[in-house]
Amino acid sequence: MNDNLTILIGKAIAASRNAYVPYSNYRVGAALLSKDGDVYTGCNVENSAYPAGICAERTAIVKAVSEGVKDFKTIVVATKNGGSPCGICRQVMSEFALDMRVVMVNFEGNIVLDTTVDELLPHSFGKEKLDIVE
């Protein structure tokens with residue numbers, strides 16, 4: 001395993017420890033690597049009004065975008081059992097990088113799946129489908 005991936009896995013697992021999960025008790029951490037080499041982490045934050053919660057993947061992406069970064073290379077998602085990103089997270093990831101590597105790991109750091117956004121969300125709906133004049 002390359003050193004960058006090892007670092008991302010460690011950061012994703014560490015981020016999961018900050019999760020606020022009083023309802024599901026399902027901690028998720030994410031570490032997002034930009035094409036510039038910067039890393040943005042995120043954890044899931046639940047809310048008693050369930051739709052108001054946010055997933056770890058989207059937290060990391062929103063942090064990066066809020067800093068002006070929109071080009072991503074890899075995201076590592078850590079859960080106790082190597083769970084996969086939800087549909088909303090897949091759609092948000094597709095907005096920025098269909099070719100982005102997505103690595104799912106468990107809390108022991110074992111890779112459960114190593115894939116891409118495009119493989120997770122085939123036939124995605126994106127901005128190219130909209131009639132937008134730039």
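The values are calculated or read from the model by the stated rules, or taken from the named source; none is laboratory data. Here the structure is a predicted model, which means the values were calculated and not measured. Please note: Cβ atoms are built from the backbone with ideal geometry, for glycine as well, and neighbour counts cover all protein chains shown.
Quick test of your reading of the structure: residue 125 fulfils all but one of (1) touching a helix residue (DSSP H, G or I) at 6+ places or on another chain (Cβ under 7 Å); (2) more than 22 Å from residue 6 (Cβ to Cβ); (3) of a type outside the set (D, E, K, R); (4) outside any helix (DSSP H, G or I). Name the failing condition by number.
Every condition holds for residue 125 apart from (1).
Residues of the range 65-90 being within 11 Å of the chain's Cα centre (by Cα) and outside any strand (DSSP E or B), which ones?
Answer for the range 65-90, where residues must be within 11 Å of the chain's Cα centre (by Cα) and outside any strand (DSSP E or B): 84, 85, 86, 88, 89, 90.
Give me the residue from the range 93-110 that is free of Cβ contacts under 8 Å to residues at least 40 places away in the same chain and closer than 19 Å to residue 26 by Cβ and, out of that set, nearest to the chain's Cα centre (by Cα).
102
Table: residues versus (1) surrounded by 22 or more Cβ atoms within 10 Å (Cβ to Cβ); (2) in contact with a Phe, Trp or Tyr (Cβ under 9 Å, 6 or more places away or on another chain); (3) over 21 Å from residue 113 (Cβ atoms).
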residue: 61; (1), (2), (3): yes, yes, no
residue: 66; (1), (2), (3): no, no, yes
residue: 72; (1), (2), (3): yes, yes, no
residue: 78; (1), (2), (3): yes, yes, no
residue: 85; (1), (2), (3): yes, no, no
residue: 89; (1), (2), (3): yes, no, no
residue: 94; (1), (2), (3): no, yes, no
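So, of the residues in the range 36-64 that are of a type in the set (Ser, Thr, Tyr) and over 13 Å from the mean Cα position of the chain (by Cα), which turns out to be modelled with the highest pLDDT?
Going through the qualifying residues, I end up with 48.
All but one of (1) farther than 20 Å from residue 126 by Cα; (2) surrounded by fewer than 16 Cβ atoms within 10 Å (Cβ to Cβ) hold for residue 103; which doesn't?
That leaves (2) as the condition not met.
Of the conditions (1) surrounded by 23 or more Cβ atoms within 10 Å (Cβ to Cβ); (2) touching a Cys at 6+ places or on another chain (Cβ under 9 Å); (3) of a type outside the set (S, T, N, Q); (4) not in a strand (DSSP E or B), residue 8 satisfies every one except a single condition; which number is it?
(2)
Residues being buried (at least 23 other Cβ atoms within 10 Å of the Cβ) and out of contact with any strand residue (DSSP E or B) (no Cβ under 6 Å at 6 or more places or on another chain): count how many of those fall in the range 22-41.
Residues that pass the stated criteria total 1.
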